[in-house]
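Written out below as structure tokens is the structure these notes cover.
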Amino acid sequence: MHAPLFPRTPPLDGTDVDTMRHALLDYFHTTFDRYESLFEVLAGDEAYYTKPIRLRHPLIFYFGHTATFFVNKFILAGLIDRRIDPRLESMFAVGVDEMSWDDLDDSHYDWPTVAEVADYRLQVRVMVDRVIRETPFTLPVGWNDPMWAVVMGIEHERIHLETSSVLIRQHALRYVRQHPAWQACRETGAAPDNVLVDIPAGRVRLGRERDEPIYGWDNEYGHHAAAVPAFQAARYLVSNREFLAFVDAGGYADDSLWDEEGLGWKRYARAEYPTFWVPDATGWKLRLMTEEVPMAWDWPVETNCLEARAFCRWKARASGLPVRLPSEDEWHRLYDHAGLGGAQLDVAHDAPASANLHLDHGASSCPVTTFAHGELFDVVGNVWQWCETPTYPFDGFEVHPIYDDFTTPTFDDRHNIIKGGSWISCGNEARHASRYAFRRHFFQHAGFRYVVTDTPVLNPASTYETDALLSQYAEFHYGDEVFGVPNFPKALADIAIDAHCRLGNGRFERALDLGCATGRASFELARAFAKVVGIDFSARFIQAGARLAESGSLRYTLADEGELVSYHERRLDTLGLSETAGRVEFWQGDACNLKDVFTGFDLILAANLIDRLYSPRRFLDDVARRLNPGGLLVLASPYTWLEEHTKREEWIGGFKKDGESYTTLDGLKDHLGDQFELVQGPQAVPFVIRETRRKHQHTLSELTVWKRRG
């Protein structure tokens with residue numbers, strides 16, 4: 001009879017709260033027990049304090065970290081109002097992301113004893129048990145519910161069940177011992193010859209809705225759709241035997257097979273073969289979590305992403321075929337082609353997984369021929385599979401309010417997605433919708449499958465704009481309404497369009513948004529004009545607008561307070577502007593010295609521009625020839641004249657002239673009067689610029705509308 005199954009992630013809907021309490025209690029205690037049993041493979045206290053690798057904390061940290069996570073998140077969620085041990089909850093709060101292989105963490109910590117941490121874990125166990133038993137809640141449990149933090153803590157511990165097992169696997173053998181709960185697979189045989197399987201073209205639609213009644217991490221939510229051309233994929237994961245050919249061919253010594261990042265890691269690590277291979281006088285051995293065994297040639301090879309990429313380059317050169325790692329989208333086509341799609345929970349709750357997954361089949365990999373999934377094997381399970389795609393946020397991504405740094409630090413184009421899960425991947429990790437990512441030199445229980453295709457990998461934009469001024473203007477243009485003040489660029493565009501309908505030349509062919517910044521008014525003007533040109537002096541502003549026009553989304557961080565930031569995504573479709581993007585183009589330019597090509601406009605909008613120009617007089621003297629007869633010039637400015645932007649002698653107002661006050665409006669009339677007629681205004685248009693969450697600038701811009709004389 002099969003051993004009891006390790007509980008799966010429970011559905012969070014239903015109608016009976018008491019039933020849900022019992023499910024959560026079982027889910028919590030079995031996970032807490034299993035995690036503690038993992039540390040029972042350590043042979044004595046010294047194993048807790050000796051780092052398995054220099055780049056990570058010793059295992060005593062991870063023994064305490066997952067318990068601390070419950071306390072810290074429960075405080076934020078309002079489930080508890082006091083800490084258990086503030087010293088430990090500070091010490092165990094933040095782990096080490098192996099951001100660079102030569103980033104050493106030499107910090108000294110006065111670690112507590114193993115017994116102290118075990119006692120602390122017991123106190124946390126009692127606290128979590130009480131929270132689950134006593135906290136009132138309703139069903140379904142959703143993203144914003146306090147009880148979501150309970151499942152978050154359990155899923156977090158399951159993640160560290162896997163990552164800690166990798167560290168234990170990297171420990172010296174003298175620090176580990178056999179354990180009945182962690183027995184490896186003993187099956188091995190001849191490795192198969194890998195062959196290619198045709199994967200037909202198809203579409204993938206990724207991303208989850210927030211109302212799905214099952215736990216997920218923030219990066220799983222949102223929307224992504226893509227058409228995937230046909231390609232071929234290896235039937236099996238790359239086995240140790242197949243990878244041996246790369247090793248024997250001198251793949252680790254051939255620098256031409258490694259990219260710059262791979263070369264840096266290879267030279268630093270002095271890598272000559274996979275990390276878990278052990279050379280022996282009698283032949284290769286394989287390091288498992290608690291032992292070394294004769295090499296299992298038909299098991300999947302385990303590498304980092306850099307090694308997998310080098311193998312693919314070698315395979316491509318040897319075969320003449322375009323071999324590479326699959327993209328995330330292509331992996332999902334493999335999943336669909338294998339007939340695995342459509343299962344909400346992925347792994348059955350009442351039967352062992354039909355894959356080497358969820359600790360259902362032992363504590364190690366197994367032969368790559370064991371689990372067939374349609375024409376393929378191990379589409380899920382056995383080892384994680386490296387993808388060529390760096391992790392990125394789906395459209396509509398939002399961070400969770402009590403765990404704002406789960407995913408966002410990985411949006412740096414340096415963390416690649418892994419898919420499919422390994423033998424120890426449990427709970428959320430075992431779901432095909434999960435999206436975990438690691439640095440490319442990182443070791444997990446991960447291997448790879450290669451694909452053959454001429455289609456290049458197009459990586460979606462993953463980074464968040466962090467330039468403070470650009471982010472501030474992105475929020476000014478596309479962000480939420482503040483203090484009831486309407487969006488300023490939209491308000492100006494609405495006024496300009498209305499004025500042109502009533503007072504303009506009747507043509508809606510071309511409009512110019514001069515000083516467009518990140519481009520909101522340009523997109524708004526394109527609701528009425530056939531073509532809108534946005535021009536700004538700042539290349540970074542222009543690039544943001546162009547990126548938004550191309551991709552439909554813009555991501556940036558904003559200062560909240562001190563070092564704390566928040567993450568934002570703005571989309572043209574949610575603003576009703578997606579159809580205008582094709583009518584907008586952005587150019588870098590100097591408003592005081594525009595190229596001759598920028599003429600023939602029916603309307604020019606210059607918002608908050610003239611008091612930031614080095615020569616506003618030159619701009620005003622030149623602007624008429626840019627407009628068609630009867631065209632409108634819309635000016636808006638708070639008239640904040642500063643010598644750091646405009647020399648005093650270039651100001652067109654805001655000073656005494658002949659002993660009397662001479663305003664900017666006076667100057668505009670004098671400079672424009674010969675060629676323009678003032679047809680509307682002045683009128684005040686308010687705007688608010690956010691500096692931090694609690695500090696905003698509230699300003700009035702004076703708007704005037706001028707019509708070019710015929």
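Looking only at the stretch 623-640, which residues are over 21 Å from Arg709 (Cβ atoms) and not in a strand (DSSP E or B)? Scanning the stretch 623-640 gives Pro638, Tyr639, Thr640.
Residues in the stretch 358-392 that are free of Cβ contacts under 8 Å to residues at least 60 places away in the same chain, surrounded by fewer than 24 Cβ atoms within 10 Å (Cβ to Cβ) and either touching a Ser or Thr at 6+ places or on another chain (Cβ under 8 Å) or not small (Gly, Ala, Ser) (or both): Phe371, His373. Per the conditions (1) assigned by TED's automatic domain parsing to the domain that holds Asp336; (2) closer than 24 Å to Arg540 by Cβ, the sole criterion not satisfied by Arg439 is (2). Considered as a group, the residues in the stretch 17-33 that are surrounded by fewer than 19 Cβ atoms within 10 Å (Cβ to Cβ) and touching a residue at least 40 places away in the same chain (Cβ under 8 Å) include one that is farthest from Val126 (Cα to Cα), and that residue is Val17. Consider Ala225 carefully, then state whether it is farther than 30 Å from Val94 by Cα, surrounded by fewer than 21 Cβ atoms within 10 Å (Cβ to Cβ), assigned by TED's automatic domain parsing to the domain that holds Thr408 and out of contact with any Phe, Trp or Tyr (no Cβ under 8 Å at 6 or more places or on another chain). When the stated conditions are applied, Ala225 passes them. Taken over the stretch 656-688, the residue count meeting the criterion of being surrounded by fewer than 16 Cβ atoms within 10 Å (Cβ to Cβ) and closer than 30 Å to Leu564 by Cα is 1. For the stretch 646-669, name all the residues that are outside any loop (DSSP other than H, G, I, E, B) and of a type in the set (Lys, Arg). Within the stretch 646-669, Arg648, Lys656, Lys657, Lys669 meet the criteria. Where helices (runs of 4 or more DSSP H) fall wholly inside the stretch 1-112, the ranges with 1 or more residues that are at pLDDT below 95 are 59-77, 86-91. In the set Glu660, Glu650, Glu677, only one residue is of a type in the set (Asp, Glu), farther than 29 Å from Glu475 by Cα and in contact with a Ser or Thr (Cβ under 8 Å, 6 or more places away or on another chain); that residue is Glu650. Only residues that are in contact with a strand residue (DSSP E or B) (Cβ under 6 Å, 6 or more places away or on another chain) and under 18 Å from Trp182 (Cα atoms): list them for the stretch 340-385, please. Within the stretch 340-385, Ser365, Asn382, Val383 qualify. Residues in the stretch 444-471 that are aromatic (Phe, Trp, Tyr) and crowded, with 21+ Cβ neighbours inside 10 Å: Phe448, Tyr450.
Conditions (1) more than 19 Å from Gly631 (Cα to Cα); (2) aliphatic (A, V, I, L, M), marked per residue:
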{"position": "Gly479", "(1), (2)": "yes, no"}
{"position": "Asn487", "(1), (2)": "yes, no"}
{"position": "Gly506", "(1), (2)": "no, no"}
{"position": "Gly534", "(1), (2)": "no, no"}
{"position": "Arg540", "(1), (2)": "yes, no"}
{"position": "Ala544", "(1), (2)": "yes, yes"}
{"position": "Glu561", "(1), (2)": "yes, no"}
{"position": "Ser566", "(1), (2)": "yes, no"}
{"position": "Gly582", "(1), (2)": "yes, no"}
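Number of residues in the stretch 519-558 that are closer than 18 Å to Arg612 by Cβ, touching a Leu at 6+ places or on another chain (Cβ under 7 Å) and assigned to a loop (DSSP other than H, G, I, E, B) equals 1. Would you be able to say whether some residue in the stretch 637-658 is within 30 Å of Glu550 (Cβ to Cβ) and hydrophobic (A, V, I, L, M, F, W, C)? No. Say we look at the stretch 404-428 and pick out the residues that are in contact (Cβ under 8 Å) with a residue 24 or more places away in the chain, surrounded by fewer than 22 Cβ atoms within 10 Å (Cβ to Cβ) and within 25 Å of Ala149 (Cα to Cα); which of these is farthest from the chain's Cα centre (by Cα)? Result: Asp404. Pairing residues of the stretch 147-171 that are under 17 Å from His445 (Cβ atoms) and not assigned by TED's automatic domain parsing to the domain that holds Asp405 with residues that are modelled with pLDDT of 95 or more and of a type in the set (D, E, K, R), at Cβ distances under 7 Å and at least 6 apart in sequence or on separate chains, gives Arg158/Glu429; Ile159/Glu429; Leu161/Arg34; Glu162/Glu429; Arg169/Arg287.
Would you point out the residue of the stretch 125-174, among those that are of a type in the set (Asp, Glu) and part of a helix (DSSP H, G or I), that is farthest from Ser364 (Cα to Cα)?
The selected residue is Glu134.
Residues in the stretch 230-263 that are over 30 Å from Ala338 (Cα atoms) and either of a type in the set (S, T, N, Q) or touching a Phe, Trp or Tyr at 6+ places or on another chain (Cβ under 8 Å) (or both): Val247, Ala249, Gly251, Tyr252, Asp254, Ser256, Leu257.
Which residue out of Trp182, Trp265 is touching a residue at least 24 places away in the same chain (Cβ under 8 Å), of a type outside the set (D, E, K, R) and assigned to a helix (DSSP H, G or I)? Being touching a residue at least 24 places away in the same chain (Cβ under 8 Å), of a type outside the set (D, E, K, R) and assigned to a helix (DSSP H, G or I) holds for just one of Trp182, Trp265, which is Trp265. Let me confirm something: among Leu594, Leu620, which residue is assigned by TED's automatic domain parsing to the domain that holds Arg520 and either surrounded by 22 or more Cβ atoms within 10 Å (Cβ to Cβ) or not in a loop (DSSP other than H, G, I, E, B) (or both)? Only one candidate passes the filter, namely Leu620.
Tell me, which residue of the stretch 498-526 that is of a type in the set (Gly, Ala, Ser) and in contact with a Phe, Trp or Tyr (Cβ under 6 Å, 6 or more places away or on another chain) is farthest from Tyr473 (Cα to Cα)? If we take residues in the stretch 498-526 being of a type in the set (Gly, Ala, Ser) and in contact with a Phe, Trp or Tyr (Cβ under 6 Å, 6 or more places away or on another chain), then Ala511 is farthest from Tyr473 (Cα to Cα).
For the stretch 467-480, which positions are in a loop (DSSP other than H, G, I, E, B) and either outside the structural domain of Leu572 (by TED's automatic domain parsing) or touching a helix residue (DSSP H, G or I) at 6+ places or on another chain (Cβ under 8 Å) (or both)?
If the condition is that a residue be in a loop (DSSP other than H, G, I, E, B) and either outside the structural domain of Leu572 (by TED's automatic domain parsing) or touching a helix residue (DSSP H, G or I) at 6+ places or on another chain (Cβ under 8 Å) (or both), then Asp467 is the only one that fits.
Restricted to the stretch 246-283, and to residues there that are surrounded by fewer than 14 Cβ atoms within 10 Å (Cβ to Cβ) and among the polar types (S, T, N, Q), the residue that is nearest to Cys312 (Cα to Cα) is Ser256. Of all the criteria given as (1) part of a loop (DSSP other than H, G, I, E, B); (2) touching a strand residue (DSSP E or B) at 6+ places or on another chain (Cβ under 6 Å), the one not satisfied by Glu643 is (2).
Met295 meets each of the listed conditions (1) farther than 24 Å from Ala355 by Cβ; (2) over 30 Å from the mean Cα position of the chain (by Cα); (3) at pLDDT 95 or above apart from (1). Here Phe311 meets the list (1) in contact with a strand residue (DSSP E or B) (Cβ under 8 Å, 6 or more places away or on another chain); (2) within 22 Å of Ala253 (Cα to Cα); (3) outside any loop (DSSP other than H, G, I, E, B) almost entirely, failing just condition (1).
The number of residues in the stretch 438-468 that are small (Gly, Ala, Ser) and under 26 Å from Ala559 (Cα atoms) comes to 3.
The values are calculated or read from the model by the stated rules, or taken from the named source; none is laboratory data. Values in this document were obtained by computation on a predicted structure and should not be read as measured data. Positions of Cβ are backbone-derived with ideal geometry, glycine not excepted, and every protein chain shown enters the neighbour counts.
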